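To keep things clear, I will list the structure first and then write my remarks on it.
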Amino acid sequence: MSSIDIKSVMTDKVYKVKDLQVPTRTIHHWKNEELLFEEHKKTEKNLMMKFSLSEYFWIKVIQKCRDFGLSINQIKKIKKDIIDIVKSYDEKLEEKHQEIIRNIRESFKGQSEEKIQKEISDTLKYLKYIDLKVEEERNHFKEVLEAVLIHRKQCGILIYNDDIIQTDIYIESDGITKSDMAKKFLRDHLYISFDSIFVELGLSNHFKHTELLSNEEILSIEYIQSAIKYKKSKNIEIQLKDSSIKSIRTALETPKGIKEAEEYKIRFGDNLNYRTNMYKGKPNLYDFYYTKNFPKTK
């Protein structure tokens, strides 16, 4: 997706209060509590309020947080965390303005280092003042959504409540290791997915929606569900190899007679296994189980 496409997605459609499916008085309350990222004029009538795509997403996040039982103050903390995370992505001021610093050094070439450093310091102070003015008008959540649209991957907000609310912005990346994923998702958390909001808005074509589960995983889950529902199943053992399911072994109740044993053979075919020994001159069948193998796909 080009930057032009992203800009059009972010700005083309403006949403009204009725589009949000949140009561007007609730939106007004959130605005008064300074939960929103965008400024709304005091003269703007409640029913006439207009919202950008990024504000629509943020209001949906607030709504999900409230539905989960988070307080207004906790959501304020989440908002602050998001601002801090986005700020942490910024380059250092000196790195942002390296070209200007090089030009200053070139202009004052031959003069003392003290003089050059003073010129650099004065220039950076001015640029910092400019940056602070820009910061006041900055919409940090809009920058999060722009990053999501650029990456077009699974994305959302992770919220932890370890005595104090902590927030993390999650955007799926090939660079994220299993260890990183474990740190993010194995803790108790609330995950608010942006993908479902994209679908709700009919914008799912604007991001690459990768499957959460592989075909193998989907098949294995269906197979396990089928085994659980079968009334003759006793227990299920899953064998793993390289973090993937290699096989599923389902133990069966011992058949009450030849008829039940034949039913097992018809139902499970070559996947059926059992042990045999002789008891009083007759074959004794026991330890019935069937196995489903999942060959690893490349």
- Among all residue pairs at least 6 apart or on different chains, which show Cβ distances below 9 Å where the first residue, located in segment 220-247, is in contact (Cβ under 8 Å) with a residue 40 or more places away in the chain and the second is assigned to a strand (DSSP E or B) and of a type in the set (Asp, Glu)? Ser247/Glu237
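Identify all residues within segment 228-268 that are among the hydrophobic types (A, V, I, L, M, F, W, C) and over 11 Å from Tyr289 (Cα atoms); write none if there are none. Reasoning before the result, please.
Let us first name the residues in segment 228-268 that are among the hydrophobic types (A, V, I, L, M, F, W, C), namely 228, 236, 238, 240, 245, 248, 251-252, 258, 261, 266, 268.
Passing the criteria: Ile228, Ile238, Leu240, Ile245, Ile258, Ala261, Ile266.
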- Could you grab me the full set of residues in segment 81-131 that are surrounded by 13 or more Cβ atoms within 10 Å (Cβ to Cβ), closer than 30 Å to Arg66 by Cβ and at pLDDT 85 or above? Asp81, Ile82, Ile83, Ile85
- Within segment 35-54, considering residues that are within 22 Å of the chain's Cα centre (by Cα) and either modelled with pLDDT of 90 or more or among the aliphatic types (A, V, I, L, M) (or both), the one farthest from Ile165 (Cα to Cα): Leu53
- What are the residues in segment 280-298 that are exposed (fewer than 10 other Cβ atoms within 10 Å of the Cβ) and farther than 24 Å from Ile238 by Cα, if any? Lys280, Gly281, Lys282, Pro283
- For Gly175, work out the one condition from (1) at pLDDT below 75; (2) open to solvent by less than 70 Å² (accessible area, probe 1.4 Å); (3) assigned to a helix (DSSP H, G or I) it doesn't fulfil. (3)
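The values are calculated or read from the model by the stated rules, or taken from the named source; none is laboratory data. It should be emphasised that the depicted structure is a prediction, and the values quoted were computed from it without experimental measurement. Here the Cβ is made from the backbone with ideal geometry for all residues, glycine too, and neighbour counts use every protein chain on show. Keep in mind that these areas ignore ligands, DNA and RNA; they rest on the heavy atoms of the full protein, side chains included. Shrake-Rupley method; radii C 1.70, N 1.55, O 1.52, S 1.80 Å.
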